Every structure is written in C-alpha cells, then in structure tokens.
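These notes concern the structure reproduced below.
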Amino acid sequence: MHDMEAFAEYMHSYMRSSDETVSVYDTRDYCVLEKDGQTLYVIPVSAHDWVIYATDESGRVVPIPNDDIRIPPDDWERYKKVLDWCFYNRDADFVVEFLRVPYREVIYHTVKHLAIAAPELLVRYAAALIHDLTSPHSVHHNCLYTQYFLKLLYHVPISDPEVFHAMVVSALVIPDGPYRGYILFGLARQKDRYIEQAFEYLRTRSESERAAVARLYGYILELSELPNYHEYRRIIGHPNVPPASVLVSKMFSRVL
C-alpha cells in the first residue's frame, strides 16, 4: 500500500493543486489493468496516445512510462476496459477520437456508446466525414476506419431530415462507389420515421433538386421497404431503380 500511495501522489502531482488530498482508490485519472502478472496504470492522453505505468518484479510502481508495453485493439478484453473507462471519465469530444482507430470492434463499441450518450455529436461527425469524402483528395479515402464507420452508419441516429438529405447529396458526388453504397445502405436502415421525415423534406425541395437525387432516394426507398411506398415513389418520381432483391445482390456486391 505504501508504494501505491507514492504512485498516487506522483500521478496526481501535476493534475491537482498542492492543497488537495489524494486517495489511492481514486482512479478518475487512470485506468488499472492486469497484464502478464503486472499491474498497469493507463492514462489515455488521446485515443492513440496512452501513457502507461507498470509495477516491477517487486510490485513497486515504475515511475517512468514503459514504452515496451502496448495494449493493441486485438487485445480486446484489456483494450475494451480502457475504452469503457474513457466513456465514463472523458467527455464525448475525447471519445469521438476512437472512431478513427482502424479496428472494427473499437468503432462499433464507440458508435454504440455515442448513439446514446452524444447522438448529435455522432451525427455531426458522420455528416462531416461524408461531406469530406466528396473530395477525391480527402485524407479519409482508403482508410480502414472510414470503411468500418460507414458500414456501421445505420447505428447513427440521423433524426434531422436536413442532415439526412445532405448525406444523400454528398453520396451523389462521392467518387468512390463502395463508399456511396455504404452510405445509402446505412440511410435505408435508419428508423422508419427518420426515413419518412427525409422524404417529407424532399417534398419541399425544387423539382430540379429532386430530379438530381431521385435515383439515390429510389435506392433508399427500395431497400427500406417503407409502408407508404407508393406515396414516396410519387415524391421522387420514377428513376430506373431495380427492386430491392436485385439491389442487394448488384449494387452492394462489393461492399457487403
């Protein structure tokens, strides 16, 4: 316990004023893990940068970060514990950074958390990423985290019809066919009321704008299987879109 107290004082010295007391049980500033018989004390500075302290063979805390110790995402049990710790102890802006970790489980777990804890922030991230992909020189092209995130887009609650429509418009001009497929499929799997709101919003757009995006909305309509199919078909017109059973096998053959 004496060594642990010394460690806590060391850890908190740069985080707290000198007149504050420190409890050895206070782990708001670090996450405690076990690995290969060692106790690790992890301080996430960002999603990609963790400072890790460890115990030595005698069980004493090593005050200098051991750069040889890593907790990669495929060490999922430990990585997930740190991720869950961040969900509890870090703000949503910090957590969003994990959406750029190129590991599907990390992104999936982060999306699920943000969909409940900070849905508006998650939607803004999705809209910004998709808009950025309209540029062929976007830094997000050909990144695993982009592909994984777009595959999980249906978990993002896109309740604002204007944002939904903006994503469709962006998909129209994204030069990457698979990315466009992921986006349309993610939109088509939204909650029925979100898709219905988007079609009602489309009704307010100009005839030329509706014509420009008609084919993409046709894909979404076919895949979503909304109950008011014929009403929404009248809104978008009759673009040459095959039925949903054909769409899944043809349009998404490269992305599913």
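Quick note: the coordinates plus some simple rules give every number you see, no bench work behind them. Small disclaimer: the values here were computed from a predicted structure and weren't measured. No Cβ is skipped: glycine too gets one built from the backbone with ideal geometry, and neighbour counts run over all protein chains shown.
Quick look at the values:
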read-out: Calculated FRET value between SER208 and GLU57, using beta carbons and R₀ = 51 Å, to 0.05; value: 0.10
read-out: Diffusion constant of the range 91-250 at 4 °C, which comes from Stokes-Einstein with the Kirkwood Cα-pair radius and 1.567 mPa s, µm²/s; value: 81 µm²/s
read-out: Neighbour cut-off at most 11 other Cβ (10 Å), DSSP loop, GluC sites (Glu not before Pro), the range 54-148; value: GLU57
read-out: Among LEU121, TYR179, THR134 the positive-end extreme of the charge dipole of the range 102-199 (Cβ point charges); value: TYR179
read-out: Counted charge near LEU121, where neighbours are those whose Cβ lies closer than 11 Å (Asp, Glu -1; Lys, Arg +1); value: -2
